[in-house]
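Colleague: First, the structure itself, so that you have it in front of you.
The values are calculated or read from the model by the stated rules, or taken from the named source; none is laboratory data. Model, not experiment: these values are computed from the prediction. Heads up, the Cβs are rebuilt from the backbone with ideal geometry, glycines too, and the neighbour counts pull from every protein chain shown. Note: areas computed on protein heavy atoms with side chains; ligands, DNA, RNA excluded. Shrake-Rupley method; radii C 1.70, N 1.55, O 1.52, S 1.80 Å.
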Amino acid sequence: VQLQASGGGLVQAGGSLRLSCATSLRAFSRYTMGWFRQAPGKERVFVAAIYWNGGTTNYADSVKGRFTISRDVAKNTVHLQLNSLKPEDTAVYYCAADFGGSATPMARAYTYWGQGTQVTVSS
């Protein structure tokens, strides 16, 4: 199983990025997909998740109203739209997959992980 995250980069505060995570999951529509991030010297933390049926999303309080998670079942891909970026959003962003699942923010629930993509927000 492969999860390939992309779309990171350097952006000024207030700017936007769109992250993508392409997967090789055979039953992609049955996986809850999540995004986590890890800043230098800090723990990996939950950002957003989308329930396997696409009907429920979950966001960390720090990104609510600014980030949007979505999925493209036809392309086995999950996206994370990052708007109104702040310097504190700087981190490596990881996508993750949990078969079935409940859009939980708990990292240990996710079975498969991508390699991460760097997001850097300058002030």
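Colleague: For region 10-25, state whether one or more residues are farther than 14 Å from residue 117 by Cα and touching a helix residue (DSSP H, G or I) at 6+ places or on another chain (Cβ under 7 Å).
Modeller: Yes: one or more hits.
Colleague: Regarding region 39-61, can at least one residue be identified that is open to solvent by 60 Å² or more (accessible area, probe 1.4 Å), among the aliphatic types (A, V, I, L, M), touching a strand residue (DSSP E or B) at 6+ places or on another chain (Cβ under 8 Å) and modelled with pLDDT of 95 or more?
Modeller: Yes - at least one qualifying residue is present in region 39-61.
Colleague: If we keep just the residues of region 62-84 that are of a type in the set (Lys, Arg) and in contact (Cβ under 8 Å) with a residue 12 or more places away in the chain, which is surrounded by the fewest Cβ atoms within 10 Å (Cβ to Cβ)?
Modeller: Across region 62-84, the extreme among qualifying residues is 75.
Colleague: Report, ordered by the first and then the second residue, all pairs with beta carbons closer than 7 Å, sequence separation of six or more or different chains, a first member in region 2-28 that is on the phi < 0 side of the Ramachandran plot and of a type in the set (Lys, Arg), and a second member that is open to solvent by 30 Å² or more (accessible area, probe 1.4 Å) and assigned to a loop (DSSP other than H, G, I, E, B).
Modeller: Hits for this filter: 18/7.
Colleague: Another one. Check residue 4 against each of (1) farther than 15 Å from residue 95 by Cα; (2) open to solvent by 30 Å² or more (accessible area, probe 1.4 Å) and name the one condition it does not meet.
Modeller: (1)
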